Structures are given as C-alpha cells and as structure tokens.
Amino acid sequence: MSKEKIVLAYSGGLDTSIIIPWLKENYDAEVIAVAADVGQAEELDHLNEKAIKTGASKIFIEDLTEEFITDFIYPTLKAGAVYEGKYLLGTSFARPIIAKRLVEIAEREGATAICHGATGKGNDQVRFELTIKALAPHLKIIAPWRIWDIKSREEEIDYAMARNIPIPVSKNSNYSRDRNIWHLSHEGSELESPANEPIYDRLLQLSVTPENAPDCPTYVEIEFEKGIPVKVNGNKLSPIDLMKTLNKLGGENGVGIIDIVENRLVGMKSRGVYETPGGTILYAAHQELENITLDRDTSHYKALVAQRFAELVYFGQWYTPLREAISAFVDSTQKYVTGTVKLKLYKGNIIPAGTTSPYSLFSEELCTFEEDNVYNQKDAEGFINLFGLPCTVQANMKKLNNIKD
C-alpha cells in the first residue's frame, strides 16, 4: 500500500525547516511541501532544493500574491479594519489564503493530513485550522509544536544543527519574522520585554527610521475606484506593482513602523514591531476619501463594523458567514468612494494634501464662513429646540423634585 500523504505549510523558516525531518522520523508518511508566495521576495529562493534535500517528496511553490491583494487585502482595506488601533493585520489575512491553497493541494494529491509550524501559544494555529475546518473538515491536522519535545527556538536550532539542516537564523540573531507584500513583522529577541526599546538598526528591513528619512517631503497621489486603489501619481498599476511602489515610497520616508503590545486570541499579550509602509499609506488615503464621500451615519456605523471585522480577521474567522456579511455591507458603502487623494510623506508622518471626488458630499457653498444663499441660519433655532427637548424635560423634572446634581 502507498504511504499516507501529509501536506506541510512550508516557508523554509526555522520551524518548517525542521518539521520535514521530524515528520519523517515520527510518521510513516510522504511529506509534500507547499510554499505560498504572498510577496515575500527572496525568501523563496532555493526552497525547492532545500525541501527535497530535507526529505520532502515534492514541493509546490504557489504564486498567490495578486489573489492575496485583491481578495484579502482590498476587502480589509475597504473595511478600514485595524486591530487594537495599530495593527494592519499583515500576518492575519495571509493565513487564510495559504490554508486555502493547502486544502486544494491536499485534496488534489490525495493527502489525509495538513501540517503547519505555528506554535501552541500563537494566533496562526487558529487561523490555519479554522480555514481547514471551514473548507475541508475531513482532513486531519498535525501541529508539531503541540506534541513534540522541543520547547524553544534555541532547541530548534540545536535540532537543525544536529541534522545539518540549513536555517535562516542563529542564536545571535533570533528574531521571528513574517513577510509578505503587505508587511514585515518582527518578534522575539529584545522585543520580548516591553521595557526594551527596539534595536531598529538591526531590526528594520523595509524602512528607514523617521530620523533617517529625507529632510524634504515626498508627495504621492493615489486614485481609487469604488474603494480600490488603481493609480499612483497618475499611473495605472497592477495590484502587485501598486503595492511595490507604495512600499518603496513609504519605506524611504519611515512610514508605517509600529511597536505594539497586542492581545492574542489565546489570552496572552505579545509584543512586536511591524513594518507596513505601503499599507499605511493606503489606509490613510482611503480614509481621507471616505471623509468626503460617505454620509455621517454610514461613516460612524462603518467605524463600529471595522472593529468587528478586524477581530474576525485577527481571530482567523475569514471563512465565516459574519465576515462575508460584513464585507457585503462594506462593498455597498464603497459605491461612491472614487477619487484622488494627495498625501505628503515626511519623516514617518502622512499629512493630507488634498482630496477630490466626483461624488464628494462636501459643499463649500453650505459650510462657508462668507455670505451664502442656501442656508438659513434661523432654521437652527427650531432644530436645537427639538434636538435638545430631552435635556429640557430632564431639567424640568429635576427642578420640580428639587434634585441637585
């Protein structure tokens, strides 16, 4: 009989580098590695050779970058979703698309299990496994960090060195990083204590610090159609080229660097530094455009929905009815979010420099401080009397009952 097949989410990082030989040592199974390209650039170099050399029967390197942008980044951008006021969800929404492709390959290859290298302390285990449960609940899930004897990254390094497995970290440079076309995250090392200032000189890879950014501002214009960015500085770009262009501009100007202590789904707090240069620019531009194209009630309600959307993405609940329903609502709000936003990038700051839209709700004639013929200021008296009627009723009740606050 042929061996059982296990599909492994493979990145070539420390965890998955040792998981292939670990699976071979602990399961009588064929290991099929799947590396998802979501824009992590040179990190995919030599993965084919490395996976086969360490025991995989085959490896699939899947280019998912454009689908990642259009089907995961853009819906989250349109929602304006930000987790805990800072985090633009770069790792969070990359996991569902990776897990989706793992399921597709597992079913095509006749595999019975999917393996991932997420730790038992983190969020990624939930994101991977909820996607698998939503799309292929019959597949078994193997999570080595929850069952093996290895307890730390240092022990992982020792395991790899004992088997001559090349790994991308050392005990002297022991950051845990996750990169895609949207962001680069950094955890571990000095970041494990919130008391420590990040050592940015050895940490940052996409950006310069604001102190080292140019002394002159950089202007950028972004054009949106129904909430989706389509042009930068007048040039129509593919989703991938648009992200690369904004990442370069943002990185050069020290934009999008955050240091956050966040609340993980599993209950603990964790500390990380995230670089999201292009994404931070897009969020700022999209918000400026919504400021002139959304009515007050929709804008305020959408802000409430954005928080819930961010939680769903962070918690790994992409493939759920609620996320899909919120996305449907968000799409309806984006019908008139079309126009051009000009921003000034300067030493880590993003400063609005002008917004235009054919669907703008801003009326200069209505809000001018000069004389106008469209607004009767006397109308405000009746409005205030009615709007303030509950206040008047409450005050009269207190007076009648001699109640003093």
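From most to least packed by mean Cβ count within 10 Å, the peptides 388-395, 309-316 give 309-316, 388-395. In the full protein context, the chain carries 51 Å² of accessible surface per residue, based on a 1.4 Å probe and ignoring ligands, DNA and RNA. Excluding Glu107 itself, what net charge comes from residues whose Cβ is under 14 Å from its Cβ, given Lys and Arg +1 and Asp and Glu -1? Every neighbour counted, the sum reads +3. Simple spin-label estimate for Glu109 and Leu304 gives 4.6 nm between the two label positions (7 Å along the Cα-to-Cβ direction from each Cα).
Under a no-solvent Debye model with one identical scatterer per Cα of region 268-405, what's log10 I(q)/I(0) at q = 0.12, 0.17, 0.20 Å⁻¹? Relative scattering, expressed as log10 I(q)/I(0), comes to -0.82, -1.09, -1.26. Computed over region 212-276, the quotient of the alpha carbon radius of gyration and 2.2 N^0.38 Å is 1.47.
A Förster distance of 35 Å, applied to the separation of the beta-carbon atoms of Glu67 and Asn196, puts the FRET efficiency at 0.40. For region 74-107, the list of GluC sites (Glu not before Pro) that fall in a loop by DSSP and count at most 15 other C-beta atoms within 10 angstrom reads Glu84. Among the trypsin sites (Lys or Arg not before Pro) found in region 228-267, those both in a DSSP coil and sparsely packed, with 16 or fewer other Cβ atoms within 10 Å of their Cβ, are Arg264. Once you order the gyration tensor axes a ≥ b ≥ c over the Cα atoms, which shape class does region 222-335 get: rounded for a/c under 1.5, otherwise prolate or oblate by comparing a/b with b/c? Since a/c reaches 1.5 but b/c is at least a/b, the shape of region 222-335 is classed as oblate. Across q = 0.15, 0.17, 0.19, 0.25 Å⁻¹, region 111-210 modelled as identical point scatterers on its alpha-carbon atoms has Debye log10 I(q)/I(0) values of -0.83, -1.00, -1.14, -1.36, in the order of the q list. Decide, for region 166-243, between rounded, prolate and oblate: order the square roots of the alpha carbon gyration tensor eigenvalues as a ≥ b ≥ c, take rounded if a/c falls under 1.5, and otherwise choose prolate if a/b is larger than b/c, else oblate. Prolate. Proximity of backbone amide H atoms, modeled 1.01 Å from N, is registered between Ala353 and Lys342, Leu343, Lys344 at under 5 Å, excluding neighbours fewer than 5 places apart on the same chain. Taking 0.36 nm per residue of separation and subtracting the current Cα-Cα distance, fully stretching the chain between Val261 and Lys53 would add 71.0 nm. Which of the residue pairs Lys248/Lys342; Lys24/Lys151; Lys378/Lys404 have a Cα-Cα distance greater than 25 Å in the structure shown? Checking Cα-Cα distances, Lys378/Lys404 exceed 25 Å. Tilt of helix 296-314 relative to the longest C-alpha principal axis of the chain, in degrees (0 to 90, nearest 10)? With rounding to tens, the tilt is 10 degrees.
Once a ≥ b ≥ c are taken as the square roots of the eigenvalues of the Cα gyration tensor of region 93-167, is the result rounded (a/c under 1.5), prolate (a/b larger than b/c) or oblate (a/b not larger than b/c)? Since a/c reaches 1.5 and a/b is larger than b/c, the shape of region 93-167 is classed as prolate. A straight Cα-to-Cα reach below 17 Å connects Lys78 with the lysines Lys86, Lys226, Lys231, Lys302, Lys335, residues fewer than 8 places away in its own chain not being considered. Applying 1/(1 + (r/R0)^6) with r as the Cβ-Cβ distance of Lys399 and Asp379 and R0 = 35 angstrom yields a FRET efficiency of 0.75.
Using 19 Å as the cut-off for backbone N distance, which residues of region 293-314 belong to the label zone defined by a point 7 Å from the Cα of Lys335 along Cα→Cβ? The answer is 293-303, whose backbone nitrogens lie closer than 19 Å to the label point. Between the helical axis of 389-400 and the longest alpha-carbon principal axis of the chain there is an angle of about 70 degrees.
Relative protection proxy for 34-40, 154-160, from highest mean packing down: 34-40, 154-160 (other beta-carbon atoms within 10 angstrom). Counting charges near Thr54 (Lys, Arg +1; Asp, Glu -1) among other residues having Cβ under 10 Å from its Cβ returns a value of +3.
Each residue, Ala162 and Lys3, gets one label point 7 Å from its Cα in the Cβ direction; the gap between the two is 2.1 nm.
When shorter helices are ignored and each DSSP H run of at least 4 residues is given -39500 (n - 2.57), the per-residue value for the chain at 222 nm works out to -12000 deg cm²/dmol. Work from the charge dipole of the chain (Cβ charges, +1 for Lys and Arg, -1 for Asp and Glu, about the Cα centre) and give the residue of Ile350, Ile384, Phe309 farthest towards its positive end. It is Phe309, whose Cα lies furthest towards the positive end. Compared with the dominant principal axis of the Cα atoms in the chain, helix 124-135 is inclined by about 90°.
Mind giving me the FRET efficiency for Glu371 and Asn291? R0 is 30 Å, r the Cβ-Cβ distance, nearest 0.05 is fine. The calculated FRET efficiency here is 0.70. Remark: the chain projects, on average over all directions, an area of 27.5 nm² (convex hull of Cα atoms). One chain, two ends: Trp148 and Ala325. Fully extended at 0.36 nm per residue, the span grows by 59.8 nm beyond their Cα-Cα distance. Among 17-25, 376-384, sorting by the average number of other beta carbon atoms lying within 10 angstrom of each residue, highest first, gives 17-25, 376-384. When the alpha carbon gyration tensor of region 278-350 is reduced to an equivalent ellipsoid, its three semi-axes come out at 24, 17, 10 angstrom, largest first.
Element breakdown for region 252-405 at a 1.4 angstrom probe: carbon and sulfur atoms account for 55% of the accessible area. Under 20 Å from a label point set 7 Å out along the Cα-to-Cβ vector of Asp215, the amide N atoms of region 349-389 belong to 349.
Set the Cα radius of gyration of region 1-139 against 2.2 N^0.38 Å, with N its number of residues, and you get 1.07.
The values are calculated or read from the model by the stated rules, or taken from the named source; none is laboratory data. Everything quoted here is computed from the prediction, not taken from an experiment. Backbone-built Cβ (ideal geometry, glycine too); neighbour counts: all protein chains shown. What goes into the accessible areas is simple: the full protein's heavy atoms, side chains included, and nothing from ligands, DNA or RNA. Shrake-Rupley method; radii C 1.70, N 1.55, O 1.52, S 1.80 Å.
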